[in-house]
Amino acid sequence: MQDFGHAFSLAFQLMWAADPDLMEIIGLSLRVSLTAMTISCAIALPIGAALGMIRFRGRGAAIILLNALMGLPPVVVGLCVYLMLSRAGPMGWLGLLYTPTAMIIAQSILITPIIAALSRQVIEDLHAEYAEQFRSMCVPTRTAIAALLWDARYSLLTVALAGFGRAVAEVGAVIIVGGNIDHLTRVMTTAIALETSKGDLSLALALGMVLLLIALVINAGVMAVRMTAARFAYA
Amino acid sequence: MLDVTTAYEHGPTVEATEQELSPVLPCEVRGLCFAAGGSPLIDKIDLTLGAGGVTMIMGPNGAGKSVFIRLLHGMLEPTAGEIHWGGRPLDEETRKRQAMVFQTPVLLRRSVEANIAFALRLHGEGGRARCAEMLEEAGLSNKSSQPARLLSGGERQRLAIARALAADPDVLFLDEPTASLDPASVQLIEEIVFSARDRGVKIIFITHDIGQARRLGDDVVFMHRGRIMERAPTPRFFDKPSSREAKDYLAGRIVL
């Protein structure tokens with residue numbers, strides 16, 4: 001228990017002193033996960049919107065598949081990306097393995113189904129409200145999708161941040177494709193895993209606290225945005 | 001069954017030569033039927049709607065009024081029969097020359113101005129001047145930047161009508177737009193309707209309000225059980241309704 005207390009104390013010291021190693025790890029984590037979230041939103045939001053408003057044969061199966069993909073095991077995704085990017089793989093010539101780009105790819109694959117599935121539900125609910133009006137106004141499908149995405153933006157922000165939360169807290173995939181290389185691909189989760197295995201709990205705890213802090217800040221931010229939107233009746 | 005095309009002797013009181021040029025009018029309905037769940041909701045309707053003026057559609061609840069205008073607007077597919085606008089079957093181009101306002105207005109989660117701007121952009125128009133003009137007509141100029149969802153019931157309905165008119169339609173369908181509104185809001189909406197009618201827009205207006213039908217209507221179509229029981233110029237309909245159902249309705253009796 002004494003060690004535990006000591007570790008906490010050291011963790012606070014590292015954070016208070018803005019330890020360069022710690023800051024580098026936090027910076028890379030945020031860069032990788034925010035980039036993955038942005039890429040995933042660009043892919044998943046139109047997919048979610050299309051699934052939410054367009055009726056076609058096989059839509060039910062597509063939704064079931066999308067929902068199932070929300071539970072993709074990170075290590076499996078990591079392994080697949082590893083096989084694709086390894087020297088012998090079809091995309092080996094890109095030389096991306098063990099780079100932050102590989103980690104971004106893995107995280108994007110992981111969170112795209114999450115963002116698509118959750119946004120599909122948001123858009124479907126809003127579309128149920130708008131559908132008759134849009135049909136009356138002869139709104140083209142692409143315009144309707146854009147309008148739905150815009151008008152649901154506050155709800156979709158929550159969806160995007162749910163994806164970010166999943167990405168930043170993920171360890172299985174990034175450790176396989178990133179390799180946890182110091183000063184290159186070491187992010188918060190992989191560092192926590194490494195430091196814990198080494199018995200250096202102070203750095204692991206400091207990183208863990210930063211992760212929790214990020215989660216708190218993000219949730220508070222989302223809550224504030226949604227409350228503001230609700231107050232002004234845009235949500 | 002009553003042939004309303006021949007029964008209607010007088011044209012609308014509003015003479016409008018420009019309206020006659022509208023490529024989507026007149027509207028001719030022949031043998032129109034619509035059924036849902038095995039029940040006929042619209043039963044062999046024949047009707048001709050000329051250009052211009054305000055046609056009021058009246059009838060007890062469940063008469064099929066809303067279904068009928070949805071069929072006319074192409075939002076529902078008829079089970080049988082034909083609808084021709086300007087001599088052509090209803091198509092996308094014709095539908096773009098029409099607009100509809102529902103009893104409960106559906107407003108975008110945007111500002112008042114953005115709701116109008118959305119409709120203007122859809123029709124390749126734009127510009128704040130046109131937007132301001134529409135808001136002025138709806139009496140909403142002072143609320144242009146306010147979120148549409150914070151408007152009162154009457155304001156929301158005025159915004160919905162202004163948005164519909166932003167598309168510069170030849171035909172405007174209004175499905176009980178003044179239901180549950182206070183008299184002042186009703187008057188404002190009626191002024192907007194008059195103004196649109198004077199510009200040559202054909203108005204097809206569903207209402208249960210007899211006073212409103214008298215004030216606004218050039219002619220009245222009375223429906224019951226999915227059929228048109230009677231069609232007549234407004235004064236004649238209210239003074240001498242010819243069908244038993246219309247007499248009962250106007251007398252406040254249950255229509256059987």
**Complete:** For B:LYS240, counting only lysines whose alpha-carbon sits under 24 Å away and dropping same-chain residues fewer than eight positions off, the answer is B:LYS65
**Prompt:** In terms of the Cα gyration tensor, with a ≥ b ≥ c the square roots of its eigenvalues, is chain A rounded because a/c is under 1.5, prolate because a/b exceeds b/c, or oblate?
**Reply:** oblate
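To the nearest whole number, what is the average tally of beta carbon atoms from other chains within 10 Å of the beta carbons of peptide B:99-106?
On the way: counts 3, 5, 2, 3, 0, 0, 1, 8.
That average works out to 3.
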**Asked** Gap in Å between the Cα centre of segment B:36-61 and the Cα centre of segment A:106-164?
**Response** 36 Å
**Prompt:** Farthest toward the dipole's positive end in chain A, which of A:PHE56, A:VAL225, A:GLN13, given Cβ charges of +1 (Lys, Arg) and -1 (Asp, Glu) about the Cα centre?
**Reply:** A:PHE56
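Would you mind giving the mean number of other chain beta-carbons within 10 Å of the Cβ of each residue in A:142-151, as a whole number? Before the final figure, lay out each step's value.
Details: counts 0, 3, 0, 0, 0, 5, 2, 0, 5, 5.
Averaged over the peptide's residues, the number is 2.
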**Prompt:** What list of ³J(HN,Hα) couplings, whole Hz, do you get for segment A:85-90 from phi and the Karplus terms 6.51, -1.76, 1.60, once you set θ to phi - 60° and write x for glycine and proline?
**Reply:** 9, 5, 3, 7, x, x
**Asked** Assigning unit charges at the beta carbon (Lys, Arg +1; Asp, Glu -1) and nothing else, what dipole magnitude in debye, to the nearest 20, does the protein assembly as shown show about its Cα centre?
**Response** 540 debye
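Highest mean first, how do A:10-20, B:127-137, B:51-61 rank when packing is the count of other Cβ atoms within 10 Å averaged over residues?
Details: A:10-20: 13.8, B:127-137: 15.5, B:51-61: 23.0.
Order by mean packing, descending: B:51-61, B:127-137, A:10-20.
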**Average other protein chain Cβ within 10 Å of Cβ, residues A:128-141** = 5
**Fill in**
At the level of C-alpha centres, the distance separating segment B:150-207 and segment A:1-59, in angstrom, is 50 Å
**Fill in**
Given backbone amide H placed at 1.01 Å from N, residues whose amide H is under 5 Å from that of B:LEU90, ignoring those fewer than 5 places away on the same chain, are B:ILE83, B:TRP85
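For the peptides B:38-47, B:96-105, what is the packing order when you average, over each peptide's residues, the other Cβ atoms within 10 Å and list the highest mean first?
Details: B:38-47: 17.3, B:96-105: 20.6.
Per-residue Cβ counts within 10 Å, averaged per peptide and sorted highest first, yield B:96-105, B:38-47.
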**Complete:** In order over segment B:157-168: 3J(HN,Hα) from phi, Karplus 6.51/-1.76/1.60, θ = phi - 60°, whole Hz, x for each Gly or Pro, gives 5, 5, 5, 4, 5, 4, 5, 5, 6, 4, 6, 6
**Request:** Using only the alpha-carbon atoms of the protein assembly as shown, report the extent along each of the three principal axes, biggest first, to the nearest angstrom.
**Result:** 97, 47, 43
**Message:** Check which residues have an amide H placed less than 5 Å from B:LYS202's amide H, if you skip close sequence neighbours.
**Reply:** B:GLY52, B:VAL171, B:LEU172
**Complete:** Highest GNM mean-square fluctuation among B:THR79, B:THR48, B:THR207, for chain B with Cα springs under 10 Å, belongs to B:THR79
**Helix-only [θ]222 nm of chain A, DSSP H runs n ≥ 4, -39500 (n - 2.57) each, per residue, nearest 500** = -27000 deg cm²/dmol
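Using Cβ counts within 10 Å as a stand-in for footprinting exposure, how do B:LYS240, B:LYS143 rank, fewest first?
On the way: B:LYS240 10, B:LYS143 20.
Listed from fewest to most nearby Cβ atoms, that is B:LYS240, B:LYS143.
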**Item:** Viscosity 1.567 mPa s, 4 °C: Kirkwood-radius Stokes-Einstein D of chain B over Cα pairs, µm²/s
**Value:** 70 µm²/s
**Asked** Straight-line reach from B:LYS96: which lysines have a Cα under 19 Å away, not including same-chain ones fewer than 8 places off?
**Response** B:LYS202
**Complete:** Here segment A:92-102 yields Karplus 3J(HN,Hα) values (6.51, -1.76, 1.60; θ = phi - 60°; whole Hz; Gly and Pro given as x) of x, 4, 6, x, 9, 4, 6, 10, x, 4, 4
**Item:** Built amide H within the under 5 Å cut-off of A:ARG186, gap 5+
**Value:** A:ILE181
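A short reminder: the numbers here are calculations on the coordinates, not readings from a lab. Owing to the predicted nature of the structure, the values given are computational and were not obtained by experimental measurement. Note: ideal-geometry Cβ built from the backbone for every residue, glycine included; neighbour counts use all protein chains shown.
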